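Below you'll find the structure, written out as structure tokens, and then a few comments.
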Amino acid sequence: MEAQISEAAERSSASSANPETQSADVSASAPGGFKVIRRNGKVTPFDASKIKVAMTKAFLAVEGGGAAESKRVHEVVAKLTKQVTEKITRNIDVGGTLHIEDIQDQVELALMRAGEQKVARDYVLYRERQAAKREAESATKKPKKAESGLNVTAADGSRRPLDEARLRKVIGEACAGIDNVDEALVLKDTLRNLFDGIAEKDVGQAMAMSARVLIEREPNYTYVAARLLLDTLRSEALSFIAGMPDSATAEQMSGRYGEYFNAYIRRAAELELVSEELTRYDLARLGAALKPERDQQFTYLGLQTLYDRYFIHSEDDQRFELPQAFFMRVAMGLAINEIDREGRAIEFYELLSSFDFMSSTPTLFNSGTLRPQLSSCYLTTVPDDLDGIYSAIKDNALLSKFAGGLGNDWSAVRGLGAHIKGTNGKSQGVVPFLKVANDTAVAVNQGGKRKGAVCAYLETWHIDVEEFIELRKNTGDDRRRTHDMNTANWIPDLFMKRVAQEDNWTLFSPNETPDLHDLVGQAFEQRYVAYEEKAARGEIKVFRTIKAVDLWRKMLGMLFETGHPWVTFKDPCNLRSPQQHIGVVHSSNLCTEITLNTSADEIAVCNLGSINLAQHINENGLDTAKLERTISTAMRMLDNVIDYNYYSVPQARRSNMRHRPVGIGIMGFQDALYKQRLPYASMEAVEFADRSMEAVSYYALQASSQLAQERGSYATFDGSLWSQGILPIDSISKLEEGRGGYLEVDRSQTLDWDSLRVQITTHGLRNSNTMAIAPTATISNICGVSQSIEPTYQNLFVKSNLSGEFTVINPYLVNDLKGRGLWDSVMVNDLKYYDGSVQAIDRVPEDIKALYATAFEIDSRWLIEAASRRQKWIDQAQSLNLYMAQPSGRALDSLYKLAWVRGLKTTYYLRSMGATHAGKSTEVEQTTSSAEDYSAAAVTTDAMSSKSQEGPKVCSILEPDCEACQ
């Protein structure tokens, strides 16, 4: 069939089904105001109509020209032409240029997205044959002169010859030491994308883009593209600092990094972008400790993420912070109160720049600056009085202005219809105040960086819970909707028991049942039943009795329809809390991994960072010796945040100084499985989740105890579970006792926990809490590994940023396919067509399919089993997303009941995909722009068809509005 299609295309005229000439003729009207570089170097205006003609002839060459076929072709081509044109014009600035091959790439991608696989496949193969034909013709021609003869236009408008020798040098350095990349090909494609008179600043972008488009063919080009991008970054940074050359190759920069670092710190301090205190370090010593070669380890996505969002820049948006200077600046801030500041800064720098551990985004943003707000999460309790409510909303605004994500506990606020003594009126309930909190979050947008990010929590017995569940609906009274706020159910165990027993459930207003807010376990059950008896006797005025199953179904239905409220469990968070002797956990945070006490007097604060688990795997599995070293340093860095941190409200400072909680988490879990060749959906992976988290837990507690010996225990250590020798693994018994059954948790262990118990009870702990697994939406991209504990979302997808589109591909999969002789252009095409999935590709072996199953191809029960094994070791919680390709009421009911029975404290987003998308997903991954859009767009059945073209949304990689947790 392919041969017949190709022959039909060959018989067509030069401007018919030949994809080369189809797009090469693009000329005339240019809606985007940009030009096209043809293969002969000629620059012509873009003409969208030529795409339509070319695609029409390509379809007819495959499908024939009958009446029925022609009608379909006309409709499909019109739609695809519009998509291609919009995509091209959106990614190219007015007056910019685009090569003819790039237009063909967009046509090819549009065909695959539309499911026109036959046309797309022939299109790919034909382009390859034509490329080979041109190469053969070129080989017979007289060789051209080495120099291109092109000129570049400087910023001042002057023109000078392109420095082709430097071009070759930079590309040669970028390809050096990287397997399976072709320096000559990158150079050739770069020259192809240049034209006479091109702006000098655009030459670097052309180099990076030339490597970037090759990533789908060979993943290692991501490192080439990153190194070429780095050349542009060096030029931008060096040109801003007096006394430094305007540019430098990697070789030249290696000898100048120390000099640049000294000048950069002083210039940043002069501009009041970093603290003057940094200039008092021994900058020569720190500069000498920098490792320029670590600039070479970034993927393109990782370096682009740093450049776009993290590097210090001047008022006119010129970035002059390079990667190793960035890591050292962060390290200097964290070491600012150390006795040997330089020594500790170098130790911290080593950990960050090696990607073994990464601090959370607020720390990376603000360490070393004039306002070092480094904490990730703030948790508050809203009191039941007008002054307290608006004080809490004001605190939200102040915290959101400078800080990370917020978790608000609203369960104490009286419900709709409750009596107000001061006015002798009736309350409007909690919902109107939530609307105000929602709008405050939108209004306080951190200087344009992002909207405030807030999650409201409400206990399931609250009289307003049914309205609360509907807050994110797109229908109903908009005055009682919060479209920008995340919501979460704070569910007591008694409710889950009533659901299991198909019993009734009573809703109360907290002003009549005030102690329920602070009670947990058996004490809560006894008091709740007593209030039900009082209500039956008419002694409680505001209450309502419903079927527990009906409320549970409504909760799951809204979770499916709107992505909210999330399902979180009150009793596991409290009964296993090491700090239950001095307070109650009333909510989690924005990403459901923090479980700290809150009250009217204390706002809980947590400081986060994540271990790159993939960096701690060797030929024998988990490298525990290296893990111990990493955690020892990381714990010190996190503890330092507490004293160095800027606090915008006094309640947060008081709480953090008393309890000193931190949260070490992990990322790159999926990469660690790949390295050990363990499928995510396997008992071996569950066992690895158990053993790896046991090691993290052991070394985190050991490191905190060692810090206590040096610096003293946290103030409220006495009376805690720690002081009683009760560690997280031991606290499972407290949950079992408080729940009275309904708990199935593996309790196996392998390390010497008895000796650690003795160490902790003897010397104490420096931190009340030590572990929490955050989402790591951006820092994992900096390090080039999978997010947090997430399974692979897609093995191949396309990202868009201001510079255009580029492919992100799973390098482990490519290496395995290469080893089996299966990696070729057709495989790339198939991966694009099947949305990064290998399951439907017949020639892929079953073991490869199992290893590289993606998130929606894995039964979510495996995620819960692995999470349960981790949870037994963690003193806080984990941000756990659950994936269901085609959710049903029964499946959701089973899944979330399993999460409860397995002892999980919290869950995060339910990520689902539309019905048509589940059958054959052909769209590239979509990025999102706000915290609430981190949902997988869990939509109603009616909305599925309209959403299916977008596909499931995940935490935004390139442009996340919410960087609260990472």
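Summary table
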quantity	calculated
Contacts under 7 angstrom Cβ, first residue in segment 172-195 being in contact (Cβ under 8 Å) with a residue 12 or more places away in the chain and over 30 Å from residue 44 (Cα atoms), partner of a type in the set (S, T, N, Q) and crowded, with 16+ Cβ neighbours inside 10 Å, 6 or more apart	178/220; 179/220; 180/220; 181/220
Test: residue in segment 888-896 that is in a helix (DSSP H, G or I) and touching an Asp or Glu at 6+ places or on another chain (Cβ under 8 Å)	no
Of all residues making up segment 547-582, the number that are part of a strand (DSSP E or B) and without any contact (Cβ under 8 Å) to a residue 60 or more places away in the chain	1
Residues that are surrounded by 14 or more Cβ atoms within 10 Å (Cβ to Cβ) and within 22 Å of residue 97 (Cβ to Cβ), drawn from segment 175-198	185, 186, 187, 189, 190, 191, 192, 193, 194, 195, 196, 198
Search result, residues across segment 855-885 that are surrounded by fewer than 24 Cβ atoms within 10 Å (Cβ to Cβ) and either among the polar types (S, T, N, Q) or assigned by TED's automatic domain parsing to the domain that holds residue 688 (or both)	868
Subset of segment 873-906 (residues that are closer than 13 Å to residue 496 by Cβ and among the β-branched types (Val, Ile, Thr))	901
Neighbours by Cβ (under 8 Å, 6+ apart or cross-chain): first from segment 254-280, free of Cβ contacts under 8 Å to residues at least 40 places away in the same chain; second crowded, with 19+ Cβ neighbours inside 10 Å and assigned to a loop (DSSP other than H, G, I, E, B)	256/244; 256/248; 258/290; 259/244; 263/244; 269/275
Members of segment 256-290 that are under 21 Å from residue 364 (Cβ atoms) and polar (S, T, N, Q)	275, 279
Failed condition for residue 433, given (1) closer than 28 Å to residue 583 by Cβ; (2) surrounded by 23 or more Cβ atoms within 10 Å (Cβ to Cβ)	(2)
Filtered residue count, segment 556-574, keeping only those that are among the aliphatic types (A, V, I, L, M) and over 26 Å from the mean Cα position of the chain (by Cα)	0
Any chance residue 673 is modelled with pLDDT of 95 or more, assigned to a loop (DSSP other than H, G, I, E, B) and within 24 Å of residue 624 (Cα to Cα)	no
Given (1) more than 13 Å from residue 652 (Cβ to Cβ); (2) modelled with pLDDT under 90; (3) touching a strand residue (DSSP E or B) at 6+ places or on another chain (Cβ under 7 Å); (4) of a type in the set (A, V, I, L, M, F, W, C), number of the condition residue 442 does not satisfy	(3)
Some residue of segment 836-848 being assigned to a helix (DSSP H, G or I) and within 30 Å of residue 733 (Cα to Cα)	no
Enumeration of residues in segment 60-86 that are modelled with pLDDT under 75 and under 30 Å from residue 210 (Cα atoms)	none
Residue check for residue 628: surrounded by fewer than 21 Cβ atoms within 10 Å (Cβ to Cβ) and outside the structural domain of residue 335 (by TED's automatic domain parsing)	yes
Per-region count, segment 240-252, residues surrounded by fewer than 18 Cβ atoms within 10 Å (Cβ to Cβ) and assigned to a helix (DSSP H, G or I)	2
Members of segment 650-659 that are surrounded by fewer than 18 Cβ atoms within 10 Å (Cβ to Cβ) and either within 29 Å of the chain's Cα centre (by Cα) or in contact (Cβ under 8 Å) with a residue 60 or more places away in the chain (or both)	653
Within segment 310-372, helices (runs of 4 or more DSSP H) holding 2 or more residues that are under 22 Å from residue 405 (Cα atoms) and touching a residue at least 24 places away in the same chain (Cβ under 8 Å)	323-334, 361-366
Selection count where residues are surrounded by fewer than 23 Cβ atoms within 10 Å (Cβ to Cβ) and under 20 Å from residue 667 (Cβ atoms), scope segment 631-649	2
Yes/no for residue 518 being surrounded by fewer than 22 Cβ atoms within 10 Å (Cβ to Cβ) and free of Cβ contacts under 8 Å to residues at least 12 places away in the same chain	no
Enumerated helices (runs of 4 or more DSSP H) restricted to segment 424-535, each holding at least 2 residues that are in contact with an Asp or Glu (Cβ under 8 Å, 6 or more places away or on another chain)	431-443, 493-500
Which listed residue is surrounded by 18 or more Cβ atoms within 10 Å (Cβ to Cβ) and within 30 Å of residue 852 (Cβ to Cβ), from 689, 700	689
Helices (runs of 4 or more DSSP H) lying entirely in segment 750-820 (those with 3 or more residues that are in contact (Cβ under 8 Å) with a residue 60 or more places away in the chain)	779-783, 811-819
The one condition in (1) buried (at least 24 other Cβ atoms within 10 Å of the Cβ); (2) part of a loop (DSSP other than H, G, I, E, B) that residue 601 fails to fulfil	(1)
Residue match in segment 693-710 (condition: aromatic (Phe, Trp, Tyr) and more than 19 Å from residue 875 (Cα to Cα))	no
Test: residue 813 is at pLDDT 95 or above and over 29 Å from residue 865 (Cα atoms)	no
Test for residue 700: is it touching a residue at least 60 places away in the same chain (Cβ under 8 Å), within 22 Å of residue 574 (Cα to Cα), in a helix (DSSP H, G or I) and within 25 Å of the chain's Cα centre (by Cα)	yes
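Conditions tested, residue by residue: (1) within 23 Å of residue 208 (Cα to Cα); (2) within 31 Å of the chain's Cα centre (by Cα); (3) modelled with pLDDT under 95; (4) surrounded by fewer than 14 Cβ atoms within 10 Å (Cβ to Cβ).
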position: 254; (1), (2), (3), (4): yes, no, yes, no
position: 265; (1), (2), (3), (4): no, yes, no, no
position: 281; (1), (2), (3), (4): no, no, no, no
position: 289; (1), (2), (3), (4): no, yes, no, no
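Residues are listed down the side, and each one gets a yes or a no for (1) in contact with a strand residue (DSSP E or B) (Cβ under 6 Å, 6 or more places away or on another chain); (2) buried (at least 19 other Cβ atoms within 10 Å of the Cβ); (3) closer than 26 Å to residue 576 by Cα:
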residue	(1), (2), (3)
464	yes, yes, no
472	no, yes, no
496	no, yes, yes
504	yes, no, no
522	no, no, yes
534	no, no, no
553	no, no, no
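The values are calculated or read from the model by the stated rules, or taken from the named source; none is laboratory data. None of these values were measured; they are calculated from a predicted model. Don't worry about glycine lacking a Cβ; one is built from the backbone with ideal geometry, like all the others, and counts go over all protein chains shown.
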